[in-house]
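Novice: One structure is given below, represented as structure tokens, and several questions about it will come after.
The values are calculated or read from the model by the stated rules, or taken from the named source; none is laboratory data. Just so you know, these numbers come straight off a predicted model, no measurement behind them. Heads up, the Cβs are rebuilt from the backbone with ideal geometry, glycines too, and the neighbour counts pull from every protein chain shown. Heads up: the accessible areas ignore ligands, DNA and RNA and are worked out on the full protein's heavy atoms, side chains in. Shrake-Rupley method; radii C 1.70, N 1.55, O 1.52, S 1.80 Å.
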Amino acid sequence: MVSTEFELSVGLEVHAELLTLSKMFCGCPNEFGGEPNTRVCPVCLGLPGSLPVINRQAVEHVLKTALALNCSIAMRSMFHRKNYFYPDLPKGYQISQYEETNPIGYRGWIEIPLADGATKTVRIRRVHLEEDTGKLMHLPGGGSGVDFNRAGVPLMEIVTDFPPDVKSAEEARSYLQELRLILLYLGVCDGRMEQGSFRCEPNISIAPPGAETLGTKVELKNLGSFKAVALGIEYERSRMESALARGETLHQETRGWDESAEISYPMRRKEGESDYRYFTDPDLPPLAFDEETIERVRASLPELPGEKRRRYRESLGLGEYDANLLVADPEWAAYFDEAVSAGGDAKLVCNWMNSDFARLLNESGQRPRTSKVTPERLAELVGLIQADQITGKIAKEVFDTMFATGDAPGKIVSEKGLSQIADAGELAAIVADVLSANPDAVEKYKSGKAGVLGFLVGQVMQKTRGRANPQVVNNLLVEKLTE
Ligand code: ZN
Ligand code: MN
């Protein structure tokens, strides 16, 4: 039911739980799961008389993120109370940050990769700091319970600017993947969508192209994966288009996504902002930043995914596909960087990583860092191939052994006697043997069937267990056959 009659607009609100030791305003551990209501105290339970203390690490994480997202920084940033009633909110309000230029970061942008290899700039409206709520759960014996272990966990909210730059489900997915990757590179969030530490709520609207205002928006919740985000947005687009085609009026509402049925269902009609009665939290001092701190944090930012991809392509000569594959996993990219610093040729290191190494890691369920192959060893193997000390075929055998034992490639080559035979004198005798054992092939070659050359090279390779230099063998054969 894809129609071109309407233009889609998608605003994206992301909530990312921050990687800190303790919660946002108390000393309770910030960890996922656990026996319900075992990581709580008077502060995160909102008991009368308790007072919040700001988590410095959380503030630094948000500052770092805001800078990575090219935001302006509020030199003075307040906390506000967002008041609403819900059983998972023990205080009756959420500590958050309100207003246009008060959030720690505001008016930023990121570049997202598009399918055709181009990039698109998506503007960011705000990056602010708040706290997570508890979790409602169905009890095994019936009824509902609430677990406050998550209440007060530091939460960063990142919202795209208005009107939305994101115009399709694919762009939404790309934005979220890029944002998640940036947070992983910064080390501020573990990005586990399935555990809810990286949550996304798109608001979706459709309007005729060129319309002055956007259509009625619907906010979608419970999207547990990137795939769900893309499916959910497409579903909403069709649902709204059909409703309009039937002459119905759309309502501004919040809808949930049913992952198994792949449909959305109504949850509630949306509250307006004024319903929250925002006001400054009297228990918390404003955050004050100075230029020196901001510049120190800016200087400490790691190389981000966009810059990394560009460097891999432009300075190291990798293809777009390979660069994307490496950058998609920070651990993988760090491994690659180390192997290249250790002297490994970038293209060869990349080829080994994205083929044999990736396959063996997959099969054995290991991570690169827990495997026995260090970046230095991989660089050494690549060096042996480049120096013509081993053939490509033998290198595979060496790699397999190295993966199993962790031995240095040079050691494996000398112990197993795998070094390449490039000496023409040594190979000439083997070539002569092969020619006299295959008179038919020799005849064919002489009668013009040059294709049998490959067969003869193969025979020499077999006799040398893959150690012969193929180019030298080739030259020797042609020489003998045309004598
Ligand atoms: Zn607590
Ligand atoms: Mn929020």
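Novice: Among the residues of the stretch 144-164, are any part of a strand (DSSP E or B), more than 30 Å from PRO52 (Cβ to Cβ) and over 15 Å from the mean Cα position of the chain (by Cα)?
Specialist: No, every residue in the stretch 144-164 fails to be part of a strand (DSSP E or B), more than 30 Å from PRO52 (Cβ to Cβ) and over 15 Å from the mean Cα position of the chain (by Cα).
Novice: Still on this structure: If you go through the stretch 252-289 one residue at a time, how many are closer than 26 Å to SER225 by Cα, surrounded by 13 or more Cβ atoms within 10 Å (Cβ to Cβ) and more than 31 Å from the chain's Cα centre (by Cα)?
Specialist: Qualifying residue count for the region: 2.
Novice: Something else now. May I ask you to say which residue of ASP407, ASP388 is assigned by TED's automatic domain parsing to the domain that holds ASP356, closer than 18 Å to ALA339 by Cβ and assigned to a loop (DSSP other than H, G, I, E, B)?
Specialist: The match here is ASP407.
Novice: Considering only residues of the stretch 33-68 that are at pLDDT below 95 and under 34 Å from the mean Cα position of the chain (by Cα), which is nearest to ligand 1 (Cβ to nearest atom)?
Specialist: GLY34
Novice: Filter the stretch 121-143 for residues that are open to solvent by less than 10 Å² (accessible area, probe 1.4 Å) and of a type in the set (A, V, I, L, M); which is farthest from ligand 2 (Cβ to nearest atom)?
Specialist: Among them, the one singled out is VAL122.
Novice: A follow-up question, please. Considering only the stretch 356-366, I want to know if a residue exists there that is part of a loop (DSSP other than H, G, I, E, B) and more than 16 Å from the chain's Cα centre (by Cα).
Specialist: yes
Novice: Something else: Anything in the stretch 1-28 that is surrounded by fewer than 16 Cβ atoms within 10 Å (Cβ to Cβ) and more than 9 Å from ligand 1 (Cβ to nearest atom)? List them, or say none.
Specialist: Scanning the stretch 1-28 gives MET1, VAL2, SER3, THR4, GLU5, LEU21.
Novice: Follow-up. Where residues in the stretch 398-425 are charged (D, E, K, R) and loosely packed, with under 13 Cβ neighbours inside 10 Å, which of them is farthest from PHE357 (Cα to Cα)?
Specialist: Checking each candidate, the answer is ASP423.
Novice: Going by the structure shown, is THR65 closer than 30 Å to ARG123 by Cβ, open to solvent by 30 Å² or more (accessible area, probe 1.4 Å) and away from ligand 2 (no atom under 14 Å from the Cβ)?
Specialist: No, not satisfied.
Novice: State whether the residues of the stretch 404-416 include one that is among the polar types (S, T, N, Q), under 15 Å from ASN469 (Cα atoms) and either over 50 Å from the mean Cα position of the chain (by Cα) or modelled with pLDDT under 95 (or both).
Specialist: No, the stretch 404-416 contains no residue that is among the polar types (S, T, N, Q), under 15 Å from ASN469 (Cα atoms) and either over 50 Å from the mean Cα position of the chain (by Cα) or modelled with pLDDT under 95 (or both).
Novice: Among the numbered criteria (1) out of contact with any Leu (no Cβ under 9 Å at 6 or more places or on another chain); (2) surrounded by 13 or more Cβ atoms within 10 Å (Cβ to Cβ); (3) not in a loop (DSSP other than H, G, I, E, B), which single criterion is violated by ALA339?
Specialist: Status for ALA339: all satisfied but (1).
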